[in-house]
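Contents: one structure, followed by commentary.
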Amino acid sequence: MGAVAIIDYGMGNVRSVANAVDYCGADPVVTADPQEIADASHLILPGVGAFGDAMTNLRRRGLDEVLHREVREKGKPMLGVCLGMQVLAGVSREHGDHQGLGWFDADVVRIIPETPGLKVPHTGWNEAAPTRSHPIFAGLAKSRLTFYFVHSFHMRCRDEADRLAIFEHGGRFTAAVARDNIVATQFHPEKSQDSGVRLLTNFIRWRP
Amino acid sequence: MLKKRIIPKFLLRDGRLVKYVRFFDNERMAGNPVSTAKVYNDYGVDELIILDIAATGDPDGASRRATIDVIERISREIFMPFTVGGGVATPEDVNALLRAGADKVAVNTAAVRRPDFVKQTARIFGDQCVTVSIDYRQVGRGVHAVYIDGGREKTALDPLEWALRMQDNHCGEILLSSIDRDGVMEGYDLEMIERLNERLDIPLIVSGGAGDLRHCIDAFDAGASAIAISSLFLFTDHSPIKLRSHLFNLGVNVRAGADSHN
């Protein structure tokens, strides 16, 4: 197993992710360098902030092309986290319409809970209910599938087969997506204590 | 379903934990912040709030540097969200704290002195990164006032009106602290919690007053998304885990936490 590259595009808590990856016993490299990304065995795309800024930053650094080559063409396993999941969609409606990477047939829209009194941003610990099995959930019993979320937008998948897990907040929303060598979570594994550490460990060991 | 949160709150002065009653009285030393944070992480608490109380008006920046050092060391030890506040006045301050490892930054005095600061910060770093901290006192019958500068300076702002304005400025959360109830351990200001919960669309964390289980249950029932707790954990034998476990067993929607130990 090689290094785990944590994509640094100027947005996102790369240090927290790196600390968690290190705690799992792997070798984190926070980088935007195409060679270091190519040398890594696994990639993590973090992200906190606005969708439009994220896409601008990714494109400006040429990372959209690097990720396409490493992940879509070469099949390297990648974990997207929070905004790093949302940018995989085709389009977001946050502060105007923005094009994402388009790896999933999905859009990103504001969370509107159907139950009155529920607050947005969706902030805190909530259950992620898997809709199918996946290696990243190995060893995590239902009682441990509670993770930390903090977001105002959610990803709507047009293909139900892409959804991996859902959360409830006055409606059912996408908590995780997965296809082939790509998996992504709306919640923050690096902020979810032992459940998150287990999920990260599972990702790092994953050979899709 | 989203769980209610119990958030231990630390006060830092020059890199050490301290505690007061009603913001100013009865200062006590309360231990090492890094080891305490690590213990809380191992216990599986929901989140942490760390306020640097020396920071507003810290002339040579020594207190601020001590705080950054503590934050960096804490972020190496814990895998849960934590919010840092105290004297945050510029985007550079916010950036320094986020780079040191904080997930959210609490803004108090600066938000009042510069009304567009919150909007600016939310635009650069994301709504979720900005918690607006509001300290208040009752100043007359049914009349309350927001206080800034660590509770030293009274403003003409009403806490609810101010919270709504800050919500409009795109902060992610409100941290509401009752100065009158701080450290007294006689319960939260339930009426104020209900007033805010009714009108706010964003989450509300309340602070000031937890003395027993009943106080916590009442605060959640009044609509708080989270309760910040200080005295109860530092000066009684309640632990965050016992508290959450009792609340869970009483049917309150908190994390079960049975698996939180390694």
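Annotations
- Lone unmet requirement of (1) open to solvent by 10 Å² or more (accessible area, probe 1.4 Å); (2) at negative phi for B:Asp149: (2)
- Cross-chain or 6+ apart pairs with Cβ under 6 Å, region B:59-82 first and over 29 Å from A:Ser195 (Cα atoms) and open to solvent by 60 Å² or more (accessible area, probe 1.4 Å), then outside any helix (DSSP H, G or I) and modelled with pLDDT under 90: B:Arg64/B:Ala55; B:Arg64/B:Asp58
- Cβ-Cβ distances below 9 Å connect the following pairs, each with a first residue in region A:102-118 that is farther than 18 Å from A:Ala50 by Cβ, a second residue that is polar (S, T, N, Q), and a separation of six or more residues or different chains: A:Gly117/B:Asn197.
- For region B:85-95, the criterion of being within 14 Å of chain A (Cβ to nearest Cβ), open to solvent by 60 Å² or more (accessible area, probe 1.4 Å) and farther than 18 Å from B:Gly172 by Cα is met by no residue.
- Where B:Tyr188 falls short, out of the listed (1) more than 14 Å from chain A (Cβ to nearest Cβ); (2) under 17 Å from B:Lys9 (Cβ atoms); (3) open to solvent by less than 10 Å² (accessible area, probe 1.4 Å); (4) free of Cβ contacts under 8 Å to residues at least 60 places away in the same chain: (3)
- For beta carbons closer than 8 Å, sequence separation of 6+ or different chains, a first residue in region A:23-39 that is modelled with pLDDT of 95 or more and a second that is basic (Lys, Arg), the qualifying pairs are A:Val30/A:Arg15; A:Ala32/A:Arg61.
- Within region A:141-169, considering residues that are among the basic types (Lys, Arg) and outside any loop (DSSP other than H, G, I, E, B), the one most open to solvent (accessible area, probe 1.4 Å): A:Lys142
- Unique match (being open to solvent by 30 Å² or more (accessible area, probe 1.4 Å), over 20 Å from B:Ala222 (Cβ atoms) and of a type outside the set (Phe, Trp, Tyr)) among B:Arg165, B:Arg181, B:Arg137: B:Arg165
- Residue within region B:193-207 that is more than 14 Å from chain A (Cβ to nearest Cβ) and surrounded by 23 or more Cβ atoms within 10 Å (Cβ to Cβ) present: yes
- Condition check for B:Ile227: closer than 12 Å to B:Ile6 by Cβ, at pLDDT 85 or above and buried (at least 18 other Cβ atoms within 10 Å of the Cβ): yes
- Listed conditions (1) within 21 Å of B:Asn108 (Cα to Cα); (2) more than 11 Å from every other protein chain (Cβ to nearest Cβ) are all met by B:Val39, apart from (1).
- Where a residue in region A:124-137 is within 14 Å of chain B (Cβ to nearest Cβ) and outside any strand (DSSP E or B) and its partner, wherever it lies, is crowded, with 23+ Cβ neighbours inside 10 Å and of a type in the set (A, V, I, L, M, F, W, C), with Cβ under 8 Å and at least six apart: A:Ala128/A:Phe147; A:Ala128/A:Ala165; A:Ala128/A:Phe167; A:Ala128/A:Ala175; A:Ala128/A:Ala176; A:Ala128/A:Phe187
- For region B:235-252, filtered to residues that are in contact with a Leu (Cβ under 8 Å, 6 or more places away or on another chain) and open to solvent by 20 Å² or more (accessible area, probe 1.4 Å), the residue that is nearest to B:Arg28 (Cα to Cα) is B:His238.
- Tally of residues being assigned to a strand (DSSP E or B), in contact (Cβ under 8 Å) with a residue 60 or more places away in the chain and over 11 Å from A:Cys82 (Cα atoms) across region A:178-194: 3
The values are calculated or read from the model by the stated rules, or taken from the named source; none is laboratory data. All figures in this text were calculated on a predicted structure; none of them were measured in a lab. Cβ coordinates were reconstructed from backbone atoms using ideal geometry, including for glycine residues, and neighbour counts include every protein chain displayed. Note: areas computed on protein heavy atoms with side chains; ligands, DNA, RNA excluded. Shrake-Rupley method; radii C 1.70, N 1.55, O 1.52, S 1.80 Å.
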